[in-house]
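Structure record follows, encoded as structure tokens.
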Amino acid sequence: DFKSLSMEIKRRGLYGRDTRKVCLEFIAHILITIVGIALFITFDNIFSRVISALIMTSGLLGIGTHTHNSSHYGSTEKKSIDDFLTSLGYSTLLGFSGVFWKHKHCIVHHGNPNIIGVDEDIDLMPFFAVTETDIENASKLGQFYHRNIQPIIFPFMISLTAFNIQRQAWLFLIRALLNNKRRKTLHWVDLGYNILHIIIWLVLPLLFFSPTAVIEFYILRNVLIGYALFFMLGSSHLPNEALCSAEHQQHQEFSLKQIAGTINIKTNRYGRFIMSGLDYQIDHHLFRGISYTRLPEVSELVQEYCEYHNYPYHTLGFFEASWKTIMVFYKPKPVHTDLLKAVTVNG
């Protein structure tokens, strides 16, 4: 059973932390970002700027995925250091609010991935329908929009992904600070880290560049991160292989929910470096406190567990997963009312 799997993973010492390697890779992501920005500033021809923008984006994406590991306390042996890395990565460098991320992702999403009515990450309504139920529950005008307008505007709307995360993060943080019952010291600390983000990305650059140039660069940064995050995060939960299930299925057995609603991604060496364990999403969802450096070993045991229980262990190439992620906006996927039966049929 799942308890036995957990005990075996613990017995093998897979909860250990490779702190030195993890911290060095985090620094590497920051340096890649800085190099990309420096090249963008130095060269003004279009080819050089496209390349430098891609370098910067890969660095920022690496910061995001690496910080994701810290938000689950998988980077070091001390929670205080992981909290610092989370705030530095999400709040200061990306501008996403570490406190908001922990609530939205670590608490809400991880407990019930792809469970309709529970997992906020799969609920893109009223803007986008990704399930057949979304369309069925929409008004006639809404159904017309999702069937005819959504496919047209979707590729362009992805560019707003990062801006939308920032919007949600600021609303979450402000509401917490204005609520006496919710407000804690960590919210004030997070506010400080977010203000530091504004200073680094929007205020200090004004000493060297015009306001227009600073704003244009920040918009470009967010647009590129938006596309990158959409495919990096969405490709593990949006393809049809990652099943969506009805709200009452949140009471299903833990490992079944995680395995059914998640897929792994196969990529190259640099892709694995950028993804920081997000290519092993199934294994991460089952054991989210384990560092990404140990997930390849965990994967072998999880595959044996899936074979024994006749559960699927879906792994798609990055480009295949990305394509299937796109297609779900053109042909929304079904919502299953019996997850165990659906896993057996679709697996």
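Checking S276 against (1) of a type in the set (S, T, N, Q); (2) closer than 23 Å to H309 by Cβ; (3) touching a residue at least 60 places away in the same chain (Cβ under 8 Å), only one condition comes out false. Which one?
(2)
Consider T92 carefully, then state whether it is modelled with pLDDT of 95 or more, β-branched (V, I, T) and within 24 Å of R288 (Cβ to Cβ). Step through it out loud before you land on a result.
Numbers: modelled with pLDDT of 95 or more: yes; β-branched (V, I, T): yes; within 24 Å of R288 (Cβ to Cβ): yes.
So T92 passes the test.
Please find, within segment 52-78, the residue that is farthest from H285 (Cα to Cα) out of those that are aliphatic (A, V, I, L, M) and surrounded by 15 or more Cβ atoms within 10 Å (Cβ to Cβ).
A53
If I filter segment 1-51 down to residues being among the small types (G, A, S) and surrounded by 11 or more Cβ atoms within 10 Å (Cβ to Cβ), which single residue comes out as farthest from S255 (Cα to Cα)? Steps first, answer last, please.
Applying the first criterion (among the small types (G, A, S)) to segment 1-51 yields 4, 6, 13, 16, 28, 36, 38, 48.
Remaining after also requiring surrounded by 11 or more Cβ atoms within 10 Å (Cβ to Cβ): 6, 16, 28, 36, 38, 48.
Values: S6: 11, G16: 22, A28: 34, G36: 40, A38: 45, S48: 47 Å.
Ranking the candidates gives S48 first.
Given the structure, is Q250 modelled with pLDDT of 90 or more, under 23 Å from the mean Cα position of the chain (by Cα) and not aliphatic (A, V, I, L, M)?
Spelling it out, it is not the case that Q250 is modelled with pLDDT of 90 or more, under 23 Å from the mean Cα position of the chain (by Cα) and not aliphatic (A, V, I, L, M).
Are any residues in segment 174-193 closer than 16 Å to S87 by Cβ and surrounded by 11 or more Cβ atoms within 10 Å (Cβ to Cβ), and if so, which ones?
A176, L177, K184, L186, H187, W188, V189, D190, L191, G192, Y193
Taking segment 223-240 on its own, how many of its residues are polar (S, T, N, Q) and surrounded by 20 or more Cβ atoms within 10 Å (Cβ to Cβ)?
Step one: list which residues in segment 223-240 are polar (S, T, N, Q), which gives 235-236, 240.
Now drop any that are not surrounded by 20 or more Cβ atoms within 10 Å (Cβ to Cβ), which leaves 235-236.
Number of matching residues: 2.
The values are calculated or read from the model by the stated rules, or taken from the named source; none is laboratory data. All values derive from a computational prediction rather than experimental measurement. All Cβ positions, glycine included, derive from the backbone under ideal geometry; neighbour counts span all protein chains shown.
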